[in-house]
Amino acid sequence: MKKLFIFATIFTMVFTLSARDYPGVTVRKHNGGVWAIFNLYNDIEYTPAEATGGVAELECSGNGFSFCRVPMLALGGNDHRDDLADTRALVNAVNEIIENSESRSPSETRFEGNEHHVTVAVPDDAGRSFTYYQVKGVWNYESNGDCVMKITITDVSAAYSRQR
């Protein structure tokens, strides 16, 4: 029994160390003017997270013709690995959450805060197993269209492997 427990602990530690850390994202929308009702902005500034476990920032402001979207995710830890599938899938999930927040109408309590989450499954190189991430966004729009949104990315692979 002790050997099984030790094996499970070592396996969990190796699995956890091999997981990629992705930063959270804080999205700030302000001073959108008339175009804010269409979620179009002039100045879109993305600042990657500075360290593992940090928070990247997306700031959108001014009257313009561009959507407020995350162009990429800065990766923390294990930077030598090239996980383009992870990055692409997670950027799409983050942008899906931003789009979801923009598509809600006031009758759906848009101005009282909301949240949305997406679970992303990314296959490994051999395609035999998956890494599961939960991308969750929480936001609160003001009546003038200003918004602060917090998006977190969590590796939930362990929870999915226990369900099988």
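Observations on the model:
- Residues of region 27-47 that are crowded, with 16+ Cβ neighbours inside 10 Å and not aromatic (Phe, Trp, Tyr): 27, 29, 30, 32, 36, 39, 40, 44.
- Scanning region 54-75 for residues that are open to solvent by less than 20 Å² (accessible area, probe 1.4 Å), of a type in the set (A, V, I, L, M) and outside any strand (DSSP E or B) gives 70, 73, 74.
- Consider region 119-147 and keep the residues that are open to solvent by 70 Å² or more (accessible area, probe 1.4 Å) and modelled with pLDDT of 75 or more. The one that is nearest to the chain's Cα centre (by Cα) is 136.
- Odd one out for residue 159 among (1) closer than 21 Å to residue 38 by Cα; (2) small (Gly, Ala, Ser); (3) over 10 Å from the mean Cα position of the chain (by Cα): (1)
Okay, residues lined up against (1) touching an Asp or Glu at 6+ places or on another chain (Cβ under 9 Å); (2) more than 22 Å from residue 101 (Cβ to Cβ); (3) at pLDDT 80 or above:
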residue	(1), (2), (3)
42	no, no, yes
48	yes, no, yes
63	no, no, yes
68	yes, no, yes
72	no, no, yes
75	yes, yes, no
81	no, yes, no
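- Among the residues of region 21-53, those that are under 11 Å from residue 73 (Cα atoms), free of Cβ contacts under 8 Å to residues at least 40 places away in the same chain and not in a strand (DSSP E or B) comprise 48, 49.
The values are calculated or read from the model by the stated rules, or taken from the named source; none is laboratory data. These numbers come from a predicted model, not from an experiment. Backbone-built Cβ (ideal geometry, glycine too); neighbour counts: all protein chains shown. To get the accessible areas, we keep the full protein, side chains included, count just its heavy atoms, and leave off ligands, DNA and RNA. Shrake-Rupley method; radii C 1.70, N 1.55, O 1.52, S 1.80 Å.
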